[in-house]
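The values are calculated or read from the model by the stated rules, or taken from the named source; none is laboratory data. Not measured: the values here are computed from a predicted model. SASA here: full protein model, heavy atoms, side chains in, ligands and nucleic acids out. Shrake-Rupley method; radii C 1.70, N 1.55, O 1.52, S 1.80 Å.
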Amino acid sequence: MGMTSIERTAYPRFKRLVSAHELHLFFAPTREEAAWAAERMEISWPCCWR
């Protein structure tokens with residue numbers, strides 16, 4: 001029995017380069033997520049959130 005192809009596993013191949021836009025689009029927290037995290041931080045935040 002051979003190995004399963006990578007496309008049929010839980011480990012797909014990703015592009016080598018990801019644009020800043022793609023990073024922001026898929027990984028930036030929403031305002032609600034940022035607010036949730038800020039509530040749980042010990043320092044005063046949203047100095048960096050726009």
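Among E33, E22, E7, E42, what's the order by accessible area (1.4 angstrom probe), most exposed first?
On the way: E33 100, E22 50, E7 145, E42 190 Å².
The residues order as E42, E7, E33, E22, largest area first.
Write down the accessible area per residue of the range 1-43 in Å², having rolled a 1.4 Å probe over the full set of protein chains.
Working: 4760 Å² over 43 residues.
Using a 1.4 Å probe on heavy atoms only, each residue of the range 1-43 averages 111 Å².
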